[in-house]
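Reading through the structure tokens given below for one structure.
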Amino acid sequence: MTANTIAINQRMRHFDGHAQVWVFGYGSLIYKADFPYLERRAARIDGWTRRFWQGSHDHRGTPEAPGRVVTLVAQAGAVCLGMAYLVTPEVFAHLDHREKNGYLRHRVALDFGDGHGADGLVYIADPANAAYLGPAPEADIARHIASAHGPSGPNRDYLLRLADALRALGADDPHVFTIERHLRALDADTVAHAAGPEGGLH
Ligand code: SIN
């Protein structure tokens, strides 16, 4: 599949004719809502788990040196916490552009945790897309993120903002928090090296 999914997403007919649609965000869409919305609510989806397995050519890296961002991987029994936005259909032009590097719209059941739910859409980058990187040890993912940079800024900012947003939601996400811990350990090593053997900053 081409790395640009805009045309495929525009052909998708889910929710055609609906005046309002729920979109579930589980990555940068949790903390960066750069689009108008009618309502915003914490939500969960079942059967999916968040993984830093997608390459980013356009936001947190480049085609030559991709960054790593999250996608969802199907896993029985898993629960993914995120943020849901109720939007009007015009907003999909912006979202399709923002998520164009391999993400496809999927229909999903949202649970708002108060006995209510709704059907909505979620952008998922599956292994068939050209930017997919797949699994790697979490320490390696942290090293990769530490060095990547793209038009939207350093890859590390994506990870740290996501980890903060997940804590604010009360989400337990061992994968994301482990990578965050590795990144902070790398930072501590860098500071220790800069301080030199005596520990003073030269
Ligand atoms: C999402 O946030 O729902 C999709 C992945 C991303 O844009 O980080």
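For the range 9-56 and the range 93-121, what is the centre-to-centre distance using only Cα atoms, to the nearest Å?
Taking the Cα centre of the range 93-121 as reference, the centre of the range 9-56 is 3 Å away.
Given 20 °C and 1.002 mPa s, compute D for the range 13-143 with the Stokes-Einstein relation, Rh being the Kirkwood radius over Cα pairs; round to the nearest whole µm²/s. Intermediate values should be presented prior to the final figure.
Working: Rh = 15.3 Å.
The Stokes-Einstein estimate is 140 µm²/s.
Between the helical axis of 155-169 and the dominant principal axis of the chain, each derived from Cα atoms, what acute angle in degrees is found, rounded to the nearest 10?
The angle comes out near 60 degrees.
Of His18, His182, His175, which has the most accessible area with a 1.4 Å probe, and how do the rest follow in descending order?
His18, His182, His175
Which angle from 0 to 90°, rounded to the nearest 10, does the C-alpha axis of helix 174-195 make with the longest principal axis of the chain?
Roughly 30 degrees between the two axes.
Per DSSP H run of n ≥ 4, the term is -39500 (n - 2.57); total these for the chain, divide by its residue number, and report the mean residue ellipticity at 222 nm rounded to 500 deg cm²/dmol.
-9500 deg cm²/dmol, from helical runs alone.
Using the alpha-carbon atoms, what tilt in degrees (0 to 90, nearest 10) does helix 138-147 show relative to the longest principal axis of the chain?
Roughly 80 degrees between the two axes.
Each label point is 7 Å from the Cα along the Cα-to-Cβ direction; what then is the distance between the points at Ala7 and Ala136, in nm?
If labels sit at Ala7 and Ala136, their model points lie 3.0 nm apart.
State the percentage of accessible surface on the chain attributable to carbon and sulfur atoms; use a 1.4 Å probe and exclude ligands, DNA and RNA. List each step's numbers first, then the result.
Working: 5340 of 9640 Å².
Ligands and nucleic acids excluded, carbon and sulfur give 55 percent.
Suppose all protein chains stay in the model; what accessible area per residue would a 1.4 Å probe give for the chain, in Å²? Could the numbers behind the result be given before it?
On the way: 9640 Å² over 202 residues.
Per-residue value: 48 Å².
I'd like to know which of Val79, Trp53, Ala125 lies farthest towards the positive end of the charge dipole of the chain, counting +1 on Cβ of Lys and Arg and -1 on Cβ of Asp and Glu.
Farthest towards the positive end: Ala125.
The values are calculated or read from the model by the stated rules, or taken from the named source; none is laboratory data. The structure displayed is predicted, hence computed values, not measured ones. Cβ atoms come from the backbone with ideal geometry, glycine included; neighbour counts cover every protein chain shown. SASA here: full protein model, heavy atoms, side chains in, ligands and nucleic acids out. Shrake-Rupley method; radii C 1.70, N 1.55, O 1.52, S 1.80 Å.
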